[in-house]
Structure formats: C-alpha cells, structure tokens
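J.: Before we start, here is the structure in question, set down as structure tokens.
The values are calculated or read from the model by the stated rules, or taken from the named source; none is laboratory data. The structure displayed is predicted, hence computed values, not measured ones. Neighbour counts are summed over all protein chains in view; Cβ atoms, including those assigned to glycine, are modelled from backbone coordinates with ideal geometry.
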C-alpha cells in the first residue's frame, strides 16, 4: 500500500536561539534535551501528545493540540515533510530538527 500524497498531522515545536523566526532564549542543546524529555514522557504514557503540545509547543498550533490539519507534499519544509509522510497513522516520530527548531510529529491520518 502506497503512502498518501495528502495527510494530516500534529506536531510539537520547540524553538531555540538559532531557530528561524525564534524568540526563544533556549540554546540548541537545552531545547534538544527538553524535546527529548517530552518525547520520553509521551512514549512512557506520562502525558498525551495533544496535552504536551498545548503545554510546550512554540507553534500557535499547540493550542489546538498541535494539529496542523491536512497538507500535501511540498507545503512544509523538507525535514518536516520527510518525517511526517514516512509515519504510519497514529505513529509518533522521534525528535528531529528543522530550521524552525526541534519537532515531534504525530500522523493523524
């Protein structure tokens, strides 16, 4: 079965000082440690993905549980798109970095 060309996904974005359009005071190392801790809490069942997005995400989508809605290939930055389209439905990615900071992505459909 082939992957879709249009999916919906949610994400948690943690920016750092070097991120594009960032107002964060975190260093890259501090942001990486924090996103790794968030990921471990999600995987360990300590917090639900949507709740972590509301609490920690630097993206406005965080207030809606991180939901980005539907998007097609070519709409997102390559690093994000490559991960999002490689996931199975309901799968959560390991943390990764784009020019905007560190992300955790969950494929919604």
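J.: Does region 75-102 hold any residues that are in contact with a helix residue (DSSP H, G or I) (Cβ under 7 Å, 6 or more places away or on another chain), touching a residue at least 24 places away in the same chain (Cβ under 8 Å) and in a loop (DSSP other than H, G, I, E, B), and which are they?
T.: Passing the criteria: 94, 95.
J.: Also: Tell me, which residue of region 77-86 that is in contact with a strand residue (DSSP E or B) (Cβ under 8 Å, 6 or more places away or on another chain) and surrounded by 13 or more Cβ atoms within 10 Å (Cβ to Cβ) is nearest to residue 9 (Cα to Cα)?
T.: Among residues in region 77-86 that are in contact with a strand residue (DSSP E or B) (Cβ under 8 Å, 6 or more places away or on another chain) and surrounded by 13 or more Cβ atoms within 10 Å (Cβ to Cβ), the one nearest to residue 9 (Cα to Cα) is 84.
J.: Which numbered condition trips up residue 32, out of (1) farther than 15 Å from residue 108 by Cβ; (2) surrounded by 12 or more Cβ atoms within 10 Å (Cβ to Cβ); (3) modelled with pLDDT under 95?
T.: In the conditions (1) farther than 15 Å from residue 108 by Cβ; (2) surrounded by 12 or more Cβ atoms within 10 Å (Cβ to Cβ); (3) modelled with pLDDT under 95, residue 32 misses (3) alone.
J.: Select, from 94, 99, the only residue that is closer than 22 Å to residue 27 by Cα and out of contact with any strand residue (DSSP E or B) (no Cβ under 9 Å at 6 or more places or on another chain).
T.: Answer to the check: 99.
J.: Just give me the residues in region 53-73 being over 20 Å from residue 43 (Cα atoms) and in contact with a helix residue (DSSP H, G or I) (Cβ under 7 Å, 6 or more places away or on another chain), in sequence order.
T.: 63, 68, 73
J.: Say we look at region 93-109 and pick out the residues that are crowded, with 18+ Cβ neighbours inside 10 Å and under 16 Å from residue 50 (Cα atoms); which of these is farthest from the chain's Cα centre (by Cα)?
T.: Here the residue is 108.
J.: For region 48-74, how many residues meet the condition of being assigned to a loop (DSSP other than H, G, I, E, B) and surrounded by fewer than 16 Cβ atoms within 10 Å (Cβ to Cβ)?
T.: Number of matching residues: 3.
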